[in-house]
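A.B. asks: Quick one: the structure is below, and I'll ask about it shortly.
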Amino acid sequence: MGLESTMSLHDYLEFWFTNYVEAKLKFNTQENYRNVLNKYLSPKIGYYPLKSLTTRILEDFSQSLLTDYNLSNHSMTIIIGVLKKALRMAVFPYELLSSNPAQLVSYPKRQMSVDELIANKHDDLKIISIDQYEKLLSFMAEDDAFFIPAQLSFWTGLRRGEVCGLEWKNVDLVGKSIKVTQQMIQISAKTVQITTPKTKNSYRTIHISDTLVRLLHRQKTLQQKRKLALGNKYTDSDFVCTKINGKPVSYIK
């Protein structure tokens, strides 16, 4: 490949992005990965020579995500997941490293309040891996009813009920944020209802990326087009995540 043995982590990440992310993944995923590289990985540890990376260096970086950025556990898991994936590919197929120094790096965890622990005790959200996320999107078209829910869940850490219950009144596309003020819960085999979040700490504001802002703009436009096309057959509501007929996406089977 003609790559120098002294290449920096930054240079390797750019190589990985060009040869894997841009070549294999969908545009929206590319944008999100680019944000992780530009905002966290390259500025903090990009200057290290690739071959000098150790588990200790990367462990310190992992902890800095908590101390320097005060990120949510979900966000930190994604960032470290991207790093692990990139360095795993430096071992194979690129054969630039003999082993992955990030393999044993732990995911930092922000200490949660009592209310947060209660809210998450029986939480239905399972954080999927980077590989699982990529595989999921490979089978999903952008106009699929579950495309926006999948993007919101993975990149913001919103719980399933919070995603389904999200309304446009709580989405600020200019300020790039989402307010969590309600959730959708299942109360019977075929019935759901909107209710308040689990605890007072579940009320929160989440900042969203430019990619999510663009996708949400597209979702709003798509809803308007479907409403015009279907007329009175379209169920009009303020929900962000809806099916083709306008009915809200829920988790009732």
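A.B. asks: Lysines near K26 by alpha-carbon distance under 17 Å, same-chain residues fewer than 8 away left out - which ones?
C.D. replies: Correct list for K26: K85, K135.
A.B. asks: Give me, ordered by chain and number, the residues 5 or more places off S8 or on other chains with an amide H under 5 Å from its own placed amide H.
C.D. replies: It is L50, by chain and number.
A.B. asks: So how do D143, D11 line up by other beta-carbon neighbours within 10 Å, fewest first?
C.D. replies: Final ranking by Cβ density, sparse to dense: D143, D11.
A.B. asks: Now for a separate question. For a footprinting-style exposure proxy, rank M184, M7 by other Cβ within 10 Å, fewest first.
C.D. replies: Result, fewest neighbours first: M7, M184.
A.B. asks: Quick one: order H10, H207 by neighbouring beta-carbon count within 10 Å, fewest to most.
C.D. replies: In increasing order of surrounding Cβ atoms, one gets H207, H10.
A.B. asks: Starting from the amide H of R204, placed 1.01 Å from N in the peptide plane, find each other amide H under 5 Å away whose residue is 5 or more places distant or on another chain.
C.D. replies: V180
A.B. asks: I would also like to ask the following. Comparing A189, A229, A141, which has the greatest mean-square fluctuation in the GNM of the chain with Cα pairs linked when under 10 Å apart?
C.D. replies: Taking springs between Cα atoms under 10 Å, the residue moving most is A189.
A.B. asks: Going Cα to Cα from K198, which lysines come in below 30 Å? Please leave out same-chain ones fewer than 8 positions away.
C.D. replies: Within the straight-line cut-off, K198 pairs with K109, K121, K126, K169, K176, K179, K190, K220, K243, K247, K253.
A.B. asks: So what are the three principal axis dimensions of the stretch 129-233 from its Cα atoms, in whole Å, longest to shortest?
C.D. replies: Reported extents, whole Å, longest axis first: 38, 38, 32.
A.B. asks: Using modelled backbone amide H atoms (1.01 Å from N, in-plane), which distant-in-sequence or interchain residues come within less than 5 Å of S177's amide H?
C.D. replies: Those lying under 5 Å, H to H, from S177 are D172, I208.
A.B. asks: Something else: For the chain, what is the convex hull volume of the alpha-carbon atoms per residue, in Å³?
C.D. replies: Value for the chain: 141 Å³ per residue.
A.B. asks: Show me 233-245, 144-156 ranked by packing, highest mean number of other Cβ atoms within 10 Å first.
C.D. replies: Ranking, from highest mean packing down: 144-156, 233-245.
A.B. asks: Karplus couplings for the stretch 41-52 from phi (6.51 cos²θ - 1.76 cosθ + 1.60, θ = phi - 60°), rounded to Hz, Gly and Pro as x?
C.D. replies: 6, 5, x, 8, 9, x, 6, 5, x, 3, 6, 8
A.B. asks: For the chain, what does the helix formula give at 222 nm: sum of -39500 (n - 2.57) over DSSP H segments with n ≥ 4, over the residue count, nearest 500 deg cm²/dmol?
C.D. replies: -13000 deg cm²/dmol
Rule-based calculations on the coordinates, nothing more; no lab input. Computed from a predicted structure; not experimentally measured. Neighbour counts are summed over all protein chains in view; Cβ atoms, including those assigned to glycine, are modelled from backbone coordinates with ideal geometry.
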